[in-house]
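The values are calculated or read from the model by the stated rules, or taken from the named source; none is laboratory data. Because the structure is a prediction, the values reported are computed rather than measured. When we count neighbours, we look across all protein chains shown, and the Cβ atoms used for this are built from the backbone with ideal geometry, even at glycine. Remember, those area values only see protein heavy atoms, side chains included, never the ligands or the DNA or RNA. Shrake-Rupley method; radii C 1.70, N 1.55, O 1.52, S 1.80 Å.
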Amino acid sequence: RLAAPLLARAEKKLAGLPKGQSRTLALTLFVGVPAPGTGAWTGAIIAYLLDMPFTTAMSAIFAGVVLAGAIMTVLTLAGKVGAIIALAALIAGGLGAIFSASKAEQAESDEAE
């Protein structure tokens, strides 16, 4: 009962988000960011709210957990300068992947029309 208004609001906001590969990539990157509240459990809740298929959600969450592990390993072994370089590379790679997926979906929607 208490969560019903919150879930209804979330579903309304989620309806405007892009579908398909962008959602999967966004979920992977969200889980892959090693910050409080962005782990696999939260990713599973997001996948449920996005109504993602189980295998797609699990693969995205798994990839995000591996990404988070890789980030933490690099940051631990590289020291301050290496961590800053790694962070810049990961941000650039993540943004590039998001823009690439967005362009691909835009092209698909243009072809459908």
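Principal-axis analysis of the Cα atoms of the chain puts helix 40-49 at an angle of about 20° to the longest axis. Here the spin labels are modelled as points 7 Å beyond Cα on the Cα-Cβ line, and at Glu108 and Val65 they lie 2.6 nm apart. Here the calculated FRET efficiency for Met58 and Arg9, from their Cβ-Cβ distance with R0 = 22 Å, stands at 0.25, rounded to the nearest 0.05.
If you run the Gaussian network model on the chain, springs between alpha carbon atoms under 10 Å, then out of Leu67, Leu87, Leu25 the most flexible one is Leu87. Rounded to the nearest 20, the Cβ-based charge dipole of segment 50-113 about its Cα centre (Lys and Arg +1, Asp and Glu -1) stands at 640 debye.
If you roll a 1.4 angstrom probe over the protein chains with everything in place, what fraction of the accessible area of the chain belongs to carbon and sulfur, to the nearest %? With neighbouring chains kept in place, the figure for the chain is 71 percent.
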